[in-house]
Structure formats: C-alpha cells, structure tokens
C-alpha cells in the first residue's frame with residue numbers, strides 16, 4: 001500500500017506540473033481570488049455525485065475540514081498573487097521550500113525526528129529546485145515574499161493532511177476543504193476583482209482544466225495517498241511538480257531546458273529515491 005500511495009503522489013505531481021502553465025497565464029491577467037474560488041467550487045461540485053453512501057465526517061471532521069480549507073485558501077492565494085509580481089522560476093523555487101519546512105513543522109509540532117536519509121533528501125530537493133527553477137541565477141523580485149509565506153502554509157497543509165485527514169473519508173474531506181476554500185476566495189474576490197471578459201474563454205479554460213485535474217483529481221488523490229505516506233516523504237514526492245512543470249513547459253510552450261536545469265531535475269529525482277530508503281519499519285527496500 002505504501003508503494004501504491006507513493007506512486008499516486010508521483011501522479012499528483014505530474015497533474016500539478018501540467019497545470020502550472022494555466023496558473024501562470026491567469027497570474028499575468030492579475031486574477032487571484034475569483035480564479036481560485038471558481039476552480040475550488042467546481043472541484044467540490046465534481047465530487048458531489050460520488051459522496052452518496054460515504055460515511056459522515058461528524059463535528060470533529062468538519063473542524064479539520066474548515067481548518068484545511070482555510071489553509072488551502074491562504075496558500076493558494078499567496079502562490080497565485082506571487083505570480084503577479086515575480087518570475088515563474090522564482091515562484092517555483094520558493095514554493096519548493098515547503099519540502100524543508102515540513103520536517104521542521106513535524107519536529108516542533110509533534111517532536112518527530114526525521115530519518116537521516118530524509119534530511120539528505122530534503123537538501124537535495126531544495127538544491128535541485130533551485131537549479132531547476134532559477135537556472136542557478138536567483139534575482140529577488142517583489143512577489144518573492146508572498147511565495148515564501150505561501151510555502152509555510154503549503155507545508156502546514158501537507159502535515160495536516162497526513163495527521164488528520166487520514167481519519168476521515170477522502171472524498172468527503174476533499175470536497176469539504178474545496179468548498180471552504182472556494183467560498184473564502186469568492187467572498188474576497190467579489191469585492192476586489194472582476195472576471196476578465198475580454199479573455200473569458202482563456203479564463204474559463206484555465207478554470208475548467210485546473211478544477212478537474214489539479215483540484216478534483218489531484219488534491220483528492222493527495223488526501224488518500226497521505227494516509228499511507230509520511231508527510232516529509234509526501235512533500236519530497238510532490239516537489240517533482242517543479243520537474244514536470246518544466247517538462248510540460250518544454251512540450252507545450254516551447255520553453256528551453258538548460259543543462260543546469262537538467263541537473264536540478266536529476267537532484268530532485270535522487271532525493272525522491274533517497275527519501276524512500278528505510279532500515280526497519282515502513283521500509284520499501
């Protein structure tokens with residue numbers, strides 16, 4: 001089951017990587033909250049037909065759903081807003097810092113000491129993310145602070161799913177956090193933004209694609225997979241999103257992948273493999 005869960009997270013990273021181009025286009029339009037709100041609400045609606053017969057979350061479950069949805073709202077808003085004021089490379093690298101923040105959150109919040117291979121893997125993933133996203137040249141941009149703040153919330157979201165979402169039905173928990181995040185985004189966007197009618201078809205296409213794949217499929221699979229994968233390992237596996245974002249950018253947008261970026265991809269892949277090595281309990285090898 002552990003291997004199946006890890007492969008599922010690998011698939012999620014592919015999905016999120018493919019959707020990064022759409023988010024970048026929306027970021028250039030200057031739209032944050034309405035875009036996020038519509039895609040999360042549509043994601044919840046897509047899951048609705050599959051909720052019949054599923055066990056109820058109960059009051060404790062809804063408490064964690066509201067917390068997870070609020071964290072998701074903040075993290076996604078900060079990431080999308082950051083894309084308006086920084087480069088895609090900076091955004092990808094800074095967001096990937098949640099990989100190193102996850103074991104820190106686990107240590108200070110739950111006194112969990114990471115395995116030594118996890119520590120090495122985290123630093124390999126960060127180094128790989130730096131080379132991949134920036135090509136080895138990092139220039140500070142106005143939106144970088146927003147991306148860094150978002151990385152803290154992404155780390156907290158990963159830990160929360162691993163610690164609490166595993167107690168409840170994955171579909172109900174996913175639909176609930178999408179609903180909370182969607183309502184919060186729409187509530188803010190209604191007073192601060194307008195839908196770009198001149199580019200409505202491009203906007204609608206990005207909403208539809210990310211709602212179906214990034215939200216309904218990706219986040220739901222993440223909730224299920226983190227029942228069986230430790231949060232630190234999950235973060236490292238999900239960091240492959242940056243690799244697939246570059247790959248799809250090359251395939252779909254004609255973006256160039258330099259030798260330095262290729263080395264970054266290699267480091268992240270090594271980190272993912274190293275994070276799976278255990279000597280004892282929960283070992284894959």
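What follows draws every value from the coordinates through simple rules; no lab data is involved. Computed from a predicted model, the values in this text were never measured in an experiment. All Cβ positions, glycine included, derive from the backbone under ideal geometry; neighbour counts span all protein chains shown.
So the values come out like this:
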item: Equivalent ellipsoid semi-axes, segment 197-262, via Cα gyration tensor eigenvalues times 5, rooted, Å; result: 26, 22, 7
item: Footprinting exposure proxy for 112, 241 (fewest neighbouring C-beta atoms within 10 Å first); result: 112, 241
item: Fewest-first ranking of 139, 157, using other Cβ atoms within 10 Å as the exposure measure; result: 139, 157
item: Mean separation of Cα contacts under 8 Å, 6 or more apart, over the residue count of the chain: relative contact order %; result: 40
item: Compactness relative to 2.2 N^0.38 Å, alpha carbon Rg of segment 22-144; result: 1.31
item: Inverse of mean 1/r across different Cα pairs in segment 135-204, Kirkwood, Å; result: 15.6
item: Between segment 1-80 and segment 129-176, the alpha-carbon center distance in angstrom; result: 12
item: Computed over segment 152-285, Cα set: Rg, Dmax in Å; result: 18.2, 58
